[in-house]
1. Roughly how many Å² is the accessible area per residue of the stretch 57-151, as a whole number, for a 1.4 Å probe?
2. Determine, from the Cβ-Cβ distance of Asp145 and Leu111 and an R0 of 45 Å, the FRET efficiency 1/(1 + (r/R0)^6), rounded to the nearest 0.05.
3. Mind jotting down the distance between the C-alpha centroids of the stretch 143-206 and the stretch 112-129, whole Å?
4. Measure off 7 Å from each Cα along the Cα-to-Cβ vector at Thr152 and His81, then give the distance between these two points in nanometres to one decimal.
5. Given points 7 Å out from each Cα along the Cα-Cβ axis, report the Arg180 to Ala220 separation in nanometres with one decimal.
6. Just reorder Ser37, Ser153 by solvent-accessible area, largest first, 1.4 Å probe, all chains present.
7. Measuring from a point 7 Å past the Cα of Ile49 along Cα-to-C-beta, which residues in the stretch 93-126 have an amide N at less than 17 Å?
Amino acid sequence: MRTLSIVALGLVCFLASTVGGYETEFEDDVNRNTAMSANMNNYIDVVMIQVGPWMNTHLVPMALPDVVEGFEHRPILITYHGELALTNGVFHTIHSVGRNGNAMMHYDRQLLRVAVGANIRQLGFTYDYSAHIMDLGPTGFVDVDVATMTFTSEFIIDLTDFYIWMQDFRLTNMGNLNIRFRGNVLVDWLANIFVNIITTIFRNTITNVVSNGVHDFIQATLDDMNGRLRGRAINEQEAAVLIENLKKMLNN
(Lines give C-alpha, C1' and ligand atoms only; values in the text may rest on other atoms or scores of the structure.)
Protein backbone atom coordinates (compact mmCIF):
# COMPACT_ATOMS: atom_id res chain seq x y z
CA MET A 1 0.00 0.00 0.00
CA ARG A 2 1.70 3.20 -1.16
CA THR A 3 -0.87 6.05 -1.23
CA LEU A 4 -4.00 7.23 -2.97
CA SER A 5 -2.61 6.23 -6.35
CA ILE A 6 -2.59 2.56 -5.33
CA VAL A 7 -6.30 2.49 -4.63
CA ALA A 8 -7.03 1.65 -8.24
CA LEU A 9 -4.41 -1.07 -8.45
CA GLY A 10 -5.50 -2.62 -5.16
CA LEU A 11 -9.05 -2.70 -6.42
CA VAL A 12 -8.08 -4.58 -9.57
CA CYS A 13 -6.04 -7.09 -7.59
CA PHE A 14 -8.96 -7.57 -5.21
CA LEU A 15 -11.43 -8.11 -8.00
CA ALA A 16 -9.17 -10.54 -9.82
CA SER A 17 -7.91 -12.40 -6.72
CA THR A 18 -10.61 -15.06 -6.84
CA VAL A 19 -10.05 -15.98 -10.45
CA GLY A 20 -9.41 -19.64 -9.60
CA GLY A 21 -13.01 -20.11 -8.47
CA TYR A 22 -14.63 -18.91 -11.70
CA GLU A 23 -14.99 -20.24 -15.22
CA THR A 24 -15.27 -18.21 -18.41
CA GLU A 25 -19.03 -18.07 -18.44
CA PHE A 26 -18.82 -14.27 -18.66
CA GLU A 27 -16.82 -14.38 -21.87
CA ASP A 28 -19.69 -12.82 -23.81
CA ASP A 29 -19.60 -9.81 -21.49
CA VAL A 30 -15.88 -9.41 -22.09
CA ASN A 31 -16.28 -9.60 -25.84
CA ARG A 32 -19.00 -6.94 -25.71
CA ASN A 33 -16.74 -4.69 -23.61
CA THR A 34 -19.63 -4.05 -21.26
CA ALA A 35 -19.48 -0.56 -19.71
CA MET A 36 -20.50 -0.25 -16.08
CA SER A 37 -20.00 1.83 -12.95
CA ALA A 38 -19.83 1.01 -9.26
CA ASN A 39 -19.65 2.79 -5.91
CA MET A 40 -16.35 2.07 -4.10
CA ASN A 41 -17.01 3.83 -0.78
CA ASN A 42 -16.59 0.80 1.48
CA TYR A 43 -13.35 -0.26 -0.17
CA ILE A 44 -11.88 3.27 -0.18
CA ASP A 45 -12.77 3.81 3.49
CA VAL A 46 -10.64 0.80 4.44
CA VAL A 47 -7.75 1.96 2.25
CA MET A 48 -7.82 5.52 3.61
CA ILE A 49 -7.18 4.28 7.16
CA GLN A 50 -3.69 3.26 6.00
CA VAL A 51 -2.98 6.31 3.84
CA GLY A 52 -2.50 8.80 6.72
CA PRO A 53 0.24 6.84 8.53
CA TRP A 54 1.96 6.08 5.22
CA MET A 55 2.04 9.76 4.20
CA ASN A 56 3.35 10.68 7.67
CA THR A 57 6.25 8.32 7.04
CA HIS A 58 7.01 9.00 3.37
CA LEU A 59 5.65 12.48 2.49
CA VAL A 60 6.42 14.57 5.59
CA PRO A 61 8.48 16.32 6.75
CA MET A 62 8.38 18.56 3.68
CA ALA A 63 10.49 21.71 3.47
CA LEU A 64 8.60 24.94 2.73
CA PRO A 65 9.91 28.01 0.87
CA ASP A 66 11.02 31.17 2.66
CA VAL A 67 8.55 34.03 2.27
CA VAL A 68 8.95 37.79 2.90
CA GLU A 69 5.89 40.04 2.88
CA GLY A 70 5.70 43.78 3.36
CA PHE A 71 2.91 45.47 5.30
CA GLU A 72 1.74 48.86 6.53
CA HIS A 73 0.44 50.14 9.86
CA ARG A 74 -1.21 53.57 10.32
CA PRO A 75 -2.00 54.14 14.02
CA ILE A 76 -3.03 57.82 13.64
CA LEU A 77 -1.50 60.09 11.01
CA ILE A 78 1.72 58.40 10.02
CA THR A 79 1.92 55.21 7.93
CA TYR A 80 4.66 52.84 9.00
CA HIS A 81 6.09 50.25 6.65
CA GLY A 82 7.38 46.91 7.79
CA GLU A 83 8.02 43.38 6.68
CA LEU A 84 7.49 39.89 7.99
CA ALA A 85 9.90 37.11 7.02
CA LEU A 86 9.00 33.43 7.36
CA THR A 87 11.98 31.06 7.16
CA ASN A 88 12.91 27.42 7.85
CA GLY A 89 9.36 26.28 7.20
CA VAL A 90 8.39 22.63 7.60
CA PHE A 91 5.18 20.73 6.85
CA HIS A 92 5.57 18.09 9.54
CA THR A 93 2.31 16.36 10.45
CA ILE A 94 -0.76 14.71 8.95
CA HIS A 95 -3.32 13.44 11.42
CA SER A 96 -5.40 11.29 9.08
CA VAL A 97 -6.80 10.94 5.57
CA GLY A 98 -10.43 10.19 4.77
CA ARG A 99 -12.67 9.86 1.76
CA ASN A 100 -14.47 12.96 0.50
CA GLY A 101 -17.70 12.38 -1.41
CA ASN A 102 -18.45 9.21 -3.34
CA ALA A 103 -15.62 7.13 -4.76
CA MET A 104 -16.66 5.79 -8.13
CA MET A 105 -15.28 3.20 -10.50
CA HIS A 106 -16.11 3.03 -14.21
CA TYR A 107 -15.19 0.12 -16.47
CA ASP A 108 -15.29 0.36 -20.26
CA ARG A 109 -13.27 -1.32 -23.03
CA GLN A 110 -10.51 -2.67 -20.79
CA LEU A 111 -10.07 0.69 -19.06
CA LEU A 112 -10.82 1.04 -15.36
CA ARG A 113 -11.38 4.65 -14.29
CA VAL A 114 -11.35 5.41 -10.55
CA ALA A 115 -12.47 8.80 -9.19
CA VAL A 116 -11.54 9.46 -5.56
CA GLY A 117 -11.87 12.53 -3.33
CA ALA A 118 -9.78 12.79 -0.16
CA ASN A 119 -9.63 14.96 2.93
CA ILE A 120 -6.19 15.31 4.52
CA ARG A 121 -6.97 16.30 8.12
CA GLN A 122 -5.08 18.34 10.71
CA LEU A 123 -1.98 19.33 8.77
CA GLY A 124 0.79 20.78 10.94
CA PHE A 125 3.29 23.47 9.84
CA THR A 126 6.05 25.43 11.59
CA TYR A 127 7.95 28.55 10.51
CA ASP A 128 10.55 30.80 12.11
CA TYR A 129 9.49 34.42 11.86
CA SER A 130 11.14 37.83 12.15
CA ALA A 131 9.59 41.26 11.66
CA HIS A 132 10.66 44.90 11.53
CA ILE A 133 8.37 47.91 12.08
CA MET A 134 8.40 51.03 14.28
CA ASP A 135 11.71 50.02 15.91
CA LEU A 136 10.14 46.70 16.85
CA GLY A 137 11.89 43.53 15.76
CA PRO A 138 10.09 40.57 17.27
CA THR A 139 11.34 37.12 16.39
CA GLY A 140 10.11 33.65 17.26
CA PHE A 141 8.35 30.80 15.58
CA VAL A 142 4.79 30.19 14.51
CA ASP A 143 2.76 26.97 14.49
CA VAL A 144 0.02 26.72 11.87
CA ASP A 145 -2.59 23.95 11.93
CA VAL A 146 -4.81 23.57 8.87
CA ALA A 147 -8.09 21.78 9.60
CA THR A 148 -8.29 20.06 6.23
CA MET A 149 -7.14 20.07 2.63
CA THR A 150 -9.53 18.49 0.16
CA PHE A 151 -8.34 16.94 -3.09
CA THR A 152 -10.07 15.33 -6.03
CA SER A 153 -8.27 12.79 -8.18
CA GLU A 154 -8.88 10.39 -11.04
CA PHE A 155 -6.80 7.40 -12.06
CA ILE A 156 -7.05 5.15 -15.11
CA ILE A 157 -5.80 1.57 -15.34
CA ASP A 158 -5.32 -0.03 -18.74
CA LEU A 159 -6.21 -3.65 -18.05
CA THR A 160 -4.35 -4.85 -21.12
CA ASP A 161 -0.99 -4.15 -19.45
CA PHE A 162 -1.86 -2.82 -15.96
CA TYR A 163 -0.44 0.60 -16.79
CA ILE A 164 -1.79 3.24 -14.35
CA TRP A 165 -1.85 6.96 -14.94
CA MET A 166 -3.17 9.98 -13.12
CA GLN A 167 -5.82 11.68 -15.22
CA ASP A 168 -6.64 14.46 -12.78
CA PHE A 169 -5.45 15.79 -9.41
CA ARG A 170 -6.62 19.07 -7.88
CA LEU A 171 -6.81 20.85 -4.55
CA THR A 172 -10.44 21.92 -4.17
CA ASN A 173 -10.64 23.36 -0.65
CA MET A 174 -8.56 24.45 2.33
CA GLY A 175 -10.11 24.53 5.80
CA ASN A 176 -9.65 26.93 8.72
CA LEU A 177 -6.22 27.87 10.05
CA ASN A 178 -5.18 27.90 13.72
CA ILE A 179 -2.12 30.17 14.15
CA ARG A 180 -0.03 30.28 17.36
CA PHE A 181 3.01 32.51 17.90
CA ARG A 182 5.76 31.37 20.24
CA GLY A 183 9.02 32.80 21.52
CA ASN A 184 7.87 36.42 21.91
CA VAL A 185 4.85 38.30 23.24
CA LEU A 186 3.20 40.31 20.47
CA VAL A 187 0.99 43.35 20.97
CA ASP A 188 -2.52 42.80 19.64
CA TRP A 189 -2.29 45.08 16.61
CA LEU A 190 0.95 43.44 15.48
CA ALA A 191 -0.38 39.94 16.08
CA ASN A 192 -3.45 40.76 13.99
CA ILE A 193 -1.27 41.97 11.10
CA PHE A 194 0.84 38.82 11.27
CA VAL A 195 -2.22 36.56 11.34
CA ASN A 196 -3.64 38.22 8.23
CA ILE A 197 -0.32 37.96 6.37
CA ILE A 198 0.24 34.32 7.32
CA THR A 199 -3.34 33.40 6.38
CA THR A 200 -2.86 34.95 2.94
CA ILE A 201 0.50 33.23 2.45
CA PHE A 202 -0.92 29.84 3.33
CA ARG A 203 -4.01 30.18 1.18
CA ASN A 204 -2.08 31.45 -1.84
CA THR A 205 1.43 29.98 -1.67
CA ILE A 206 1.64 27.10 0.79
CA THR A 207 -1.46 25.38 -0.61
CA ASN A 208 0.27 25.22 -4.00
CA VAL A 209 3.48 23.89 -2.45
CA VAL A 210 1.64 21.14 -0.56
CA SER A 211 -0.61 20.31 -3.50
CA ASN A 212 2.38 20.00 -5.83
CA GLY A 213 4.21 17.93 -3.24
CA VAL A 214 1.32 15.48 -2.87
CA HIS A 215 0.93 15.32 -6.66
CA ASP A 216 4.63 14.53 -7.14
CA PHE A 217 4.50 11.96 -4.36
CA ILE A 218 1.61 10.16 -6.03
CA GLN A 219 3.23 10.37 -9.46
CA ALA A 220 6.47 8.88 -8.12
CA THR A 221 4.45 6.04 -6.61
CA LEU A 222 2.72 5.44 -9.95
CA ASP A 223 6.05 5.41 -11.76
CA ASP A 224 7.34 2.83 -9.32
CA MET A 225 4.24 0.66 -9.66
CA ASN A 226 4.23 0.89 -13.46
CA GLY A 227 7.88 -0.14 -13.56
CA ARG A 228 7.17 -3.24 -11.49
CA LEU A 229 3.96 -4.19 -13.29
CA ARG A 230 4.98 -3.45 -16.86
CA GLY A 231 3.81 -6.20 -19.20
CA ARG A 232 1.38 -7.78 -16.71
CA ALA A 233 -1.62 -8.26 -19.02
CA ILE A 234 -5.08 -9.34 -17.91
CA ASN A 235 -6.42 -12.47 -19.60
CA GLU A 236 -10.00 -13.26 -20.57
CA GLN A 237 -10.69 -15.27 -17.44
CA GLU A 238 -9.46 -12.45 -15.18
CA ALA A 239 -11.51 -9.96 -17.19
CA ALA A 240 -14.58 -12.17 -16.74
CA VAL A 241 -14.01 -12.25 -12.98
CA LEU A 242 -13.55 -8.48 -12.97
CA ILE A 243 -16.87 -7.96 -14.74
CA GLU A 244 -18.72 -10.34 -12.42
CA ASN A 245 -17.39 -8.63 -9.33
CA LEU A 246 -18.29 -5.26 -10.79
CA LYS A 247 -21.84 -6.54 -11.24
CA LYS A 248 -21.92 -7.64 -7.61
CA MET A 249 -20.74 -4.21 -6.49
CA LEU A 250 -23.45 -2.56 -8.57
CA ASN A 251 -26.12 -4.77 -7.02
CA ASN A 252 -25.06 -4.04 -3.41
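The values are calculated or read from the model by the stated rules, or taken from the named source; none is laboratory data. Given the structure is predicted, the values throughout are model-derived calculations rather than measurements. All Cβ positions, glycine included, derive from the backbone under ideal geometry; neighbour counts span all protein chains shown. We work out accessible area using only protein heavy atoms, side chains counted, and drop any ligands, DNA or RNA first. Shrake-Rupley method; radii C 1.70, N 1.55, O 1.52, S 1.80 Å.
1. 48
2. According to the calculation, E is roughly 0.65.
3. Here the answer is 7 Å between Cα centres.
4. For Thr152 paired with His81, the spin-label model returns 4.3 nm.
5. Once both label points are built, they end up 3.0 nm from each other.
6. Values: Ser37 45, Ser153 5 Å².
Result of the area sort, largest leading: Ser37, Ser153.
7. Within reach of a label on Ile49: 96-100.
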